[in-house]
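Working notes, beginning with the structure itself.
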Amino acid sequence: MAENNHYIYDEERCEFVPVVYDRKKKVLHNISFWLLNGIVLASIGIAILSHNIGTPAEIALKAENQVLLDQLEITKTSIISLESQLNNIAELDNEMYRSVLGLEPISYEERMAGTGGADLYSDFDLYSEDASEMLRWTASRLDNLERRLSIQQLSFDEVKNYYNDNKERLRHLPAIRPVPGILLSGYGMRVHPVLNYQRMHHGIDFRADIGTEIFATGDGVVKFAGRRGTYGNLLEIDHGNGYTTRYAHLSSFTEGIRPGAKVTRGQHVAYSGNTGVTQGPHLHYEVRINGRSVDPLNYLFADITPEEYQMYKEIAESNPMSMD
């Protein structure tokens, strides 16, 4: 390719003559030209990237904000889980502790501890829409959890004080498990495993091998200890104030357990078995008030945790059959 020359007009010679560059100057000229163009193009590129993407500092800040938003999403999941657990505790408090002790249940509206009035979280509106929404949700739910926990603590304090003030009378209340085994079947309409039709199951069934120790669930006096129909060997204890408990399908009674004998809560009174009409060895346990059966699950409040209560309740609701 021919080299492009530059010309100047020579007045003495009256003609155009080619310009002769020094080679070194020519190289420097070319380098300067491309360097200047490179700087200009790079500046334009950086300006475009800064406008559309952001500076390195802004990019780092965006990445940090995204990490914080992701962490808030994880926190949101934890808050929802805590709310679910608190709901279970509140349900247990109303249905078991307060109900059995005769205290008024706390209404749902009162437990939710709602607030009104001024917007407490308007400061979060300064942030992006996503961040503002997430921060508002998190702050409001945490504040609500704190208020609900305070209400629950006050309720437990009331239950505790009531129990302490009525401790002697409450010792007669059937309030513990009669056997440490897991629950097999709940209270209510159930299909009988031997008779094969649905009928009222007046108690709850615990897993218990033959010979497992059975304990009185409250102070009282033995009302009956002997054989009775489909119950097999039955122990019935009168706890006073209209409360009685029944322990069925026993293999035997402990020494001294006979009508008129006094028993105390936690006393070993019998051994589990498989007498009467049953599907297999277990303990059938009933709580009755003035002769009418009630759900014994609501009276196991002295020695089970809220988690155990929830597990027992799920078993009772999901199993359509009884053991007897």
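The values are calculated or read from the model by the stated rules, or taken from the named source; none is laboratory data. Just so it is clear, the model here is predicted, and its values are computed rather than measured. Quick reminder, even Gly has a Cβ in these numbers, built from the backbone with ideal geometry, and neighbours come from all protein chains shown.
Assuming Arg141 fulfils every condition listed in (1) of a type in the set (Lys, Arg); (2) assigned by TED's automatic domain parsing to the domain that holds Arg288; (3) modelled with pLDDT under 90 apart from one, which condition is it?
Among (1) of a type in the set (Lys, Arg); (2) assigned by TED's automatic domain parsing to the domain that holds Arg288; (3) modelled with pLDDT under 90, Arg141 violates only (2).
Among the residues that make up the range 69-79, is at least one of them modelled with pLDDT of 75 or more, closer than 30 Å to Asp303 by Cα, in a helix (DSSP H, G or I) and in the same structural domain as Ser128 (by TED's automatic domain parsing)?
Yes, the range 69-79 contains a residue that is modelled with pLDDT of 75 or more, closer than 30 Å to Asp303 by Cα, in a helix (DSSP H, G or I) and in the same structural domain as Ser128 (by TED's automatic domain parsing).
Taking Arg265 as meeting all but one of (1) over 35 Å from the mean Cα position of the chain (by Cα); (2) crowded, with 17+ Cβ neighbours inside 10 Å; (3) assigned to a loop (DSSP other than H, G, I, E, B), write down the number of the exception.
Status for Arg265: all satisfied but (1).
I'd like the residue in the range 226-262 that is of a type in the set (Phe, Trp, Tyr) and assigned to a strand (DSSP E or B) and, out of all such residues, is surrounded by the most Cβ atoms within 10 Å (Cβ to Cβ).
Tyr247
For the range 194-225, what are the residues that are over 19 Å from Ile182 (Cα atoms), of a type in the set (Gly, Ala, Ser) and not in a strand (DSSP E or B)? First the steps, then the outcome.
Pass one, the range 194-225, residues over 19 Å from Ile182 (Cα atoms): 194-200, 218-225.
Retained after the next criterion (residues that are of a type in the set (Gly, Ala, Ser)): 218, 220, 225.
Scanning the range 194-225 gives a single hit, Gly218.
Here is a list: Val179, Val191. Which entry is among the hydrophobic types (A, V, I, L, M, F, W, C), under 30 Å from Val263 (Cα atoms) and surrounded by 10 or more Cβ atoms within 10 Å (Cβ to Cβ)?
Details: Val191 fails: under 30 Å from Val263 (Cα atoms).
Being among the hydrophobic types (A, V, I, L, M, F, W, C), under 30 Å from Val263 (Cα atoms) and surrounded by 10 or more Cβ atoms within 10 Å (Cβ to Cβ) holds for just one of Val179, Val191, which is Val179.
Does Tyr197 qualify as being touching a residue at least 40 places away in the same chain (Cβ under 8 Å) and in the same structural domain as Ser272 (by TED's automatic domain parsing)?
no
Would you mind telling me which numbered condition in (1) part of a loop (DSSP other than H, G, I, E, B); (2) within 21 Å of Asn65 (Cα to Cα) Gly114 fails?
It fails just one condition, (2).
Determine whether Leu283 is within 31 Å of the chain's Cα centre (by Cα) and not aromatic (Phe, Trp, Tyr).
In short, yes.
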